[in-house]
Structures are given as C-alpha cells and as structure tokens.
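Please read the structure below before turning to the comments.
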Amino acid sequence: MRDMVALEAPAKVNLYLEVGRRRRDGYHDLRTVMQSVDLHDLVEVEVAGGREGITLEVVGKAPAGEENLCHRAAVRYLEASGIRASVRIKLHKRIPEAAGLGGGSSDAAAVLRGLNFLTGEALDRERLLALAASLGMDVPFFLVGGTVLGEGRGERVTPLAQAPPMALVLANPGVPLATADVYRRFDEVGGGEPPRGGAEAMVEALRGGDARLVASLLFNSLQPAACALEPRVGAILERSIWAGAWGALVSGSGPTVFALSGEEGRAEALAEEMERYAPVVVRARFRSAGVSLA
C-alpha cells in the first residue's frame, strides 16, 4: 500500500520581533507577530510499507540528507508515533535559504502535517505542536499560519486577527545570513527600543484592521545586527522607504527585507527600486493559512 500527499509550505515575515537578552541556556525570549505569505515551497510526502527508511530528494538549493530539517522531522515523527514505514520526501525549493523567511521550518512543518495526514492523524494537535517545537522555534507557527503571536522561544503560538491586505514586496540580497551569527551580533550591538506599546500595540492595530497603523508599527530587534553583517540590507531598507513604502523591515534574522504598501501601483515601483539592490525580488500577498494540501 502506497500513499502520497503534496503540501504547500509558505514563507513568513515577522511584522514584529522583540528579542530579550540571552538566557543561561543560550536562547533568547521572544515576542513576535508572524505572518504567512503566499511564496511557498512544495513538499511531497509518501509513505509505503516494506523496508523502513527515509529518503529525501531536493529540487533547488537546499541541503539534502540527514542535515535537512525535513529529514529530522520525519525521523522525529516516526519515533513519536511508533509507526514503522518507509518515507519518501521530495522538496521543491522556491523560498531562498537562510533568508529570514522560515523556509526550512515551513518544510519541516509540511512533513509533519503530511505524515500525520497519511497515518490517519496518529498524533493529536497538542502532540504535533510539541513535536514541531522540538525541531525549531518557527515550526509550530507553520502548523497554524495566518497572523500569529509567538512567545517564549517562538514556540508558544496564539492566532490573531488576520492582517489587513497590503501589497507586499520581498527583496533578498542573495547572500545568506546564518541565524546564529545574527544573534551573536545582536548580543554585541543590541536591538534598539521597541515602539511605544510594544507587541500589544501591533496586536491592537491588527484587531482594528488599520493597515497604515500596522505598517507604522513594524519592528525587529535583529535588524541592526543584520544590517551590520550585510550592508546591502540597510541600502534596501532605505530605498524602500524612499520609493514610498508605508513601512519596511528585515524579516527574522534576515537578510530578506519586506516592504508594505496599500497601493498595487506603488508595489510595482517598490519592486523596481528594490531590484537595483537585490537579485531576488518577489511580489507577494499575506496568506491566511500555514502549511496546507496543494
């Protein structure tokens, strides 16, 4: 018996990311508002009887084999569920690597959801979210998707009012930034003062559906560190605002910058301006779901 499912694994942006001081265990406490977007990878998951094992095929730029988070997700799922099977994963990469867009975490969430679907939901929602959290702080978010408040290390997720529709432009300078390097620089240079009202102000703006206010409250503690490590990030941010963006911000640990506008025509101008500084520019929209069947 052989079963297969294909899933969309979306990217995300952080509309708000406040990072606390480094804890004794090496992690940082976070308060973040994450938003899924319609740029996505495609993940095919297949389960078969017979010889046990996990195979991973990657189409595009991403590590293959056991170092890929998809592989680790499959291993952890089989261990947690007690299921003995052969698993085949085919990953079609569209989200840039090490870009602050959560592509690897989203792919892992897609593997978890795909395996749970194919095995008749062997794990309930709480166990699946706990398993996701053991793989990485962003992975639980992608099982929920839409607009979500993440707390702790990001693993505690609370759905929020969906962000109002806005034109979205993503610009990546083509140079990956390792998350660990950005956090190390953050520990050295700090992240600046959050806007008045902090994450609660962003949550309230989302509840009110005020797109312009949401754009004005964008914040990321890691942005100064990302700009220090990759100067082109700062140039993209500056030109985005110059070109009329309502707001622009580094997503996650970068180096991808996203710019927001309420006007489709302005988004086109934003994209053209950002293309002068970034080899990868994508126009996208907010998405109301996380990983889902393709």
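The values are calculated or read from the model by the stated rules, or taken from the named source; none is laboratory data. From a predicted model like this one, the values you see are computed outputs, not experimental measurements. When we count neighbours, we look across all protein chains shown, and the Cβ atoms used for this are built from the backbone with ideal geometry, even at glycine.
Quick notes on this structure:
- So Ala235, is it more than 21 Å from the chain's Cα centre (by Cα) and modelled with pLDDT of 95 or more: no
- Selection within the stretch 1-25 - crowded, with 21+ Cβ neighbours inside 10 Å and either without any contact (Cβ under 8 Å) to a residue 60 or more places away in the chain or out of contact with any helix residue (DSSP H, G or I) (no Cβ under 9 Å at 6 or more places or on another chain) (or both): Val13, Asn14
- Any hit, the stretch 26-43, residues being crowded, with 18+ Cβ neighbours inside 10 Å and basic (Lys, Arg): yes
- From Ala289, Ala267, Ala228, residue being without any contact (Cβ under 8 Å) to a residue 60 or more places away in the chain, aliphatic (A, V, I, L, M) and at negative phi: Ala228
- First in the stretch 95-111 and in the same structural domain as Gly65 (by TED's automatic domain parsing) and crowded, with 24+ Cβ neighbours inside 10 Å, second anywhere and polar (S, T, N, Q) and in a helix (DSSP H, G or I), Cβ under 8 Å, 6 or more apart: Ile95/Ser106
- The helices (runs of 4 or more DSSP H) falling completely within the stretch 165-260 that include 1 or more residues that are surrounded by fewer than 22 Cβ atoms within 10 Å (Cβ to Cβ) and charged (D, E, K, R) map to 179-189, 198-208, 211-216, 231-242.
- No other residue among Glu275, Glu204 is acidic (Asp, Glu) and more than 26 Å from Gly104 (Cα to Cα) apart from Glu204.
- Of all the criteria given as (1) under 18 Å from the mean Cα position of the chain (by Cα); (2) on the phi < 0 side of the Ramachandran plot; (3) not acidic (Asp, Glu), the one not satisfied by Gly102 is (2).
- Here the helices (runs of 4 or more DSSP H) wholly within the stretch 56-160 that include at least 2 residues being touching a Lys or Arg at 6+ places or on another chain (Cβ under 8 Å) and under 23 Å from Thr32 (Cβ atoms) are 103-118, 125-135, 139-144.
- Candidates are the residues of the stretch 267-294 that are in contact with a Phe, Trp or Tyr (Cβ under 8 Å, 6 or more places away or on another chain) and buried (at least 19 other Cβ atoms within 10 Å of the Cβ); the one that is farthest from Leu128 (Cα to Cα) is Glu273.
- Among the residues examined, Ala215 does not qualify as outside the structural domain of Ala130 (by TED's automatic domain parsing), at pLDDT below 95 and hydrophobic (A, V, I, L, M, F, W, C).
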